[in-house]
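First comes the structure, then the notes that go with it.
The values are calculated or read from the model by the stated rules, or taken from the named source; none is laboratory data. What you see is a predicted model, and the numbers here were worked out from it, not measured in a lab. Positions of Cβ are generated from backbone atoms using ideal geometry, with glycine treated the same way; all protein chains shown enter the neighbour counts.
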There are 2 protein chains.
Amino acid sequence: MHPKELTGIMLFHEEERGREFLEKITGKKPVFVCVIGTTDTAKIPGISAAGKTPELTEYTPAADVELLILGRCKCIDTVPVTPEGIPTPAIITLSALRLAHIPVLVVDAGARIKPQVPFISLGGFPGKDIRSGSAVVNVEEVFLKAKVLGEQLSMIADYLVVGESIPGGTTTALAVLLALGVNARGKVSSSMPHNPHDLKIRVVEQALKAAGVSFGQLGNNPLKAISLVGDPVMPAFAGIVVGAAKRIPVLMAGGTQMCAILKIVKELDESVVENIAIGTTRWIVHDKTSDIKGLVEQIADVPILAANIDFSKSRFDGLRAYERGAVKEGVGAGGAVISAIAKTRGGITVDDVVREVEKNYELLLKRGQI
Amino acid sequence: MHPKELTGIMLFHEEERGREFLEKITGKKPVFVCVIGTTDTAKIPGISAAGKTPELTEYTPAADVELLILGRCKCIDTVPVTPEGIPTPAIITLSALRLAHIPVLVVDAGARIKPQVPFISLGGFPGKDIRSGSAVVNVEEVFLKAKVLGEQLSMIADYLVVGESIPGGTTTALAVLLALGVNARGKVSSSMPHNPHDLKIRVVEQALKAAGVSFGQLGNNPLKAISLVGDPVMPAFAGIVVGAAKRIPVLMAGGTQMCAILKIVKELDESVVENIAIGTTRWIVHDKTSDIKGLVEQIADVPILAANIDFSKSRFDGLRAYERGAVKEGVGAGGAVISAIAKTRGGITVDDVVREVEKNYELLLKRGQI
């Protein structure tokens, strides 16, 4: 097969490497890993849209993975929604993974609310408000355990797709990127149509000041940067990538947060970077309020693949809203779609995924979960 | 290949089915799952040899899986030993799995001491002393989560090998077998050369009396039997088997405890039994103080496979002691050896495993871990 046949997957950056990565994973069997965590940073009003209210962001990661595993949420009555009522991208992830029979493992990196499904514990804790300048505890322990997990998973799967659910994740990503010397101002994305860059930068500047860290000061100490101004998903996600990508390809599934993970991974073990791609959505790569390419270019020559998913013709306003800039990505949605297409050598198309999303959306509506 | 070529694996019971099971798994890629838990039952003096002292039995499961994943224990300074100083069968499991590059996942069903490695949480708690007649909490929740886990794992692996580490496990097995109507008196094995049947029966009779349960009274309610007189590993182990064996073969790796699991599984979903075999050691099937065949015959026509492993010529007294009836089985040792042989189509032999065990034993001795 020639990966050109895999329509529905956009080669957005480092096209040749992206093509090679797709060749490596086409027809292969992935495991989808979803890393979850929560922070008090997400409870700052206006920072996160991953929850109806700032307080409800604590339930979003647990509810997201319950949806992936069970097809419904248990810790809350409805699926997670934005303040405007737009439902979680986990519906996309669920639909893609189920269509392609891709198994899911949940990793708890430090979620305040634990999901009512089996999850892998790494001994992490919820993150504090980064404005404290002291955001995450036992970062090294979580990283080392996650690395061990990644090594085990690299013996199990042909390749990994790693996604995340942590509200406020682009703000902590911005803080860590700046601490590590990546010019990320105005470049990270948002789950809101109007990206609140000013608020994010204000919070991040307070955080860096409280931590006593200037731009690029922690360039060679990413675990320290996480502990000061990051979030608990970062050491877990990076550890899994470092542990697994020594042996198998890893698709890091997410938006601009993946740039923070990529920078952390590169600083900790540059040798694995060649086995990594970022998998995201069309909504991220076409987003005018952020610049994922401009971030990746500063870090490593890693390809960006994007699922060319389009909800503009959807029957449901809650899905059409994605075309107006709501949500955009999360819970590894883009990467899940890419891996569903690749696993089936294009047997599953983006249109199939959209139809399945509509079907699941309707089912959840009927059950009162949306 | 003809499974006769797989020397080193004894077909001990239901030979034809055993041969068929081996054919199904030969050359295939397993995942080894180790389910851990602790109970206060194990702290009754004389019940368990899975720890230097009754109190230390609480560290044994965590230390066992640390050894499997890391090659050394972290929560205690040395590997778990019996009161006589004979080291844990996890050394056998470790050696077999590493030789054959078989990945390990740890499931915490309710261990008081948590291992310093990634583990899958099912929300379980340590078991109480069964003499209370109220041994395990949230049995149904753990079973249902474990079933979901088994379903996910059945999409990941060609087949599962499931082992356990829970001190006192044969005593709780005896109690549950009696509650479910299997005549198990004098038939369960022990990690001690002199099987303390009298003590076990006394404890179990107290437990059944406290729970108000007579022989066979809970025959169709295994989860109730577990909650009254069982242990936390049971619902987790049974749930994984029920969830996975719908799609893939499952080798239940252990000694006579596996008979309790088999009975629980059969009562909950008889349809999966045809996809199950018990994998154990020569020391169990040749044990004169117990009767695994006599137990299995009462439950289902499931094959028993046994690793023909022999330490009689070992340099180390701690291994030769296995030939005198110490330890016998545990941490899925027999099943791990069987799966190492089967995965490599006999490329790895029992002798290779014995040599690897000696090598690891020596390494651990040098490091002061034995």
Quiz item: Pairs under 6 Å by beta carbon, first residue at pLDDT 95 or above in region A:12-34, partner of a type in the set (Phe, Trp, Tyr), six or more apart or different chains?
Solution: A:25/A:159; A:28/A:159; A:30/A:159
Quiz item: Where residues in region B:68-98 are within 13 Å of chain A (Cβ to nearest Cβ), in a helix (DSSP H, G or I) and over 16 Å from the mean Cα position of the chain (by Cα), which of them is surrounded by the most Cβ atoms within 10 Å (Cβ to Cβ)?
Solution: B:69
Quiz prompt | Qualifying residue in region B:39-52 (condition: within 12 Å of another protein chain (Cβ to nearest Cβ) and charged (D, E, K, R)) | solution = no
Quiz item: Going by the conditions given, is residue B:189 surrounded by fewer than 16 Cβ atoms within 10 Å (Cβ to Cβ) and hydroxyl-bearing (Ser, Thr, Tyr)?
Solution: no
Quiz item: So which residues in region A:125-138 are buried (at least 20 other Cβ atoms within 10 Å of the Cβ) and either within 11 Å of another protein chain (Cβ to nearest Cβ) or among the β-branched types (Val, Ile, Thr) (or both), if there are any at all?
Solution: A:130, A:136
Quiz item: Of the residues B:62, B:42, B:49, which single one is under 15 Å from residue B:191 (Cβ atoms), among the hydrophobic types (A, V, I, L, M, F, W, C) and either assigned to a strand (DSSP E or B) or out of contact with any Gly (no Cβ under 9 Å at 6 or more places or on another chain) (or both)?
Solution: B:49
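So that you can scan it fast, the table gives a plain yes or no per residue for (1) touching a residue at least 40 places away in the same chain (Cβ under 8 Å); (2) under 21 Å from residue B:158 (Cα atoms); (3) in contact with a Ser or Thr (Cβ under 7 Å, 6 or more places away or on another chain):
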| site | (1), (2), (3) |
| --- | --- |
| B:8 | yes, no, yes |
| B:42 | yes, no, yes |
| B:56 | no, no, no |
| B:85 | yes, no, no |
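Residue-by-condition table, conditions (1) crowded, with 21+ Cβ neighbours inside 10 Å; (2) among the basic types (Lys, Arg); (3) modelled with pLDDT under 95; (4) touching an Asp or Glu at 6+ places or on another chain (Cβ under 6 Å):
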site: B:298; (1), (2), (3), (4): no, no, no, no
site: B:303; (1), (2), (3), (4): yes, no, no, yes
site: B:312; (1), (2), (3), (4): no, no, no, yes
site: B:317; (1), (2), (3), (4): no, no, no, no
site: B:322; (1), (2), (3), (4): yes, no, no, no
site: B:332; (1), (2), (3), (4): yes, no, no, no
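Results for (1) outside any helix (DSSP H, G or I); (2) within 13 Å of the chain's Cα centre (by Cα); (3) more than 24 Å from residue A:49 (Cβ to Cβ), shown as yes or no for each residue.
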residue	(1), (2), (3)
A:260	no, yes, no
A:267	no, no, yes
A:280	yes, yes, no
A:289	yes, no, no
Quiz prompt | Complete set of residues in region B:139-191 that are more than 13 Å from chain A (Cβ to nearest Cβ) and out of contact with any helix residue (DSSP H, G or I) (no Cβ under 9 Å at 6 or more places or on another chain) | solution = none
